[in-house]
Amino acid sequence: MSPEQRLVGETMKLGPSCRLAAVLIGVCAIGVGLVIAFLPWLVALPFVAIMVWRLAANLALHAFRRSPAALVALRCEREGVSYQLCSGAWIYGDVLRGGLVTPWLLLARLRDADQDQPRRRVLIVLPDMLPQHALRRLRVYLKWWHGLLDQAQ
């Protein structure tokens, strides 16, 4: 089996992440604490409400993958990626530059290729979202395989 066949074509289902939920809740709690500590209560209340609302939206989108726009599955293709939304639709897209690939965190910037006005998305993957072998393949694809395609074009 060639390296290309090992990397391309496997569908990876993304699960929810308790670690990402804990990080998001912790960052929001620190932000709320700072706002309450340094602003009068009546001024701080709208800021706190907005922060909690954004926390709920980000938990649904990135940590629990329950939002209709959440990415729930990913398939690495020869020159891009296909991803499935929580609504069930599959979208073909391109991986943009500027992502981060580490053993404990993957951040990938994606752009929809099927639409007239392509939407940009961010894929956040922590180790508890994928099985170890799928996470390793995704890291290799994003760091090496996709990087080689960018240099060749």
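So that you can scan it fast, the table gives a plain yes or no per residue for (1) part of a loop (DSSP other than H, G, I, E, B); (2) of a type in the set (A, V, I, L, M):
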| position | (1), (2) |
| --- | --- |
| 65 | yes, no |
| 69 | yes, yes |
| 76 | no, no |
| 82 | no, no |
| 88 | yes, no |
| 100 | no, yes |
| 103 | yes, no |
| 111 | no, no |
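In this structure, does residue 123 turn out to be closer than 21 Å to residue 143 by Cα, touching a strand residue (DSSP E or B) at 6+ places or on another chain (Cβ under 9 Å) and outside any strand (DSSP E or B)? Spelling it out, it is not the case that residue 123 is closer than 21 Å to residue 143 by Cα, touching a strand residue (DSSP E or B) at 6+ places or on another chain (Cβ under 9 Å) and outside any strand (DSSP E or B). Residues to consider are 53, 90; find the one that is assigned by TED's automatic domain parsing to the domain that holds residue 29 and not polar (S, T, N, Q). 53 is the lone residue from the list that is assigned by TED's automatic domain parsing to the domain that holds residue 29 and not polar (S, T, N, Q).
Evaluating residue 70 against the criteria (1) surrounded by 13 or more Cβ atoms within 10 Å (Cβ to Cβ); (2) modelled with pLDDT of 95 or more leaves one unmet condition, (2). For region 112-133, a residue qualifies if it is surrounded by 15 or more Cβ atoms within 10 Å (Cβ to Cβ) and touching a Lys or Arg at 6+ places or on another chain (Cβ under 7 Å), and the qualifying residues are 112, 126.
The values are calculated or read from the model by the stated rules, or taken from the named source; none is laboratory data. Quantities reported herein were computed from a predicted structural model and do not represent experimental measurements. Note that we place each Cβ from the backbone using ideal geometry, even for glycine, and neighbour counts take in every protein chain shown.
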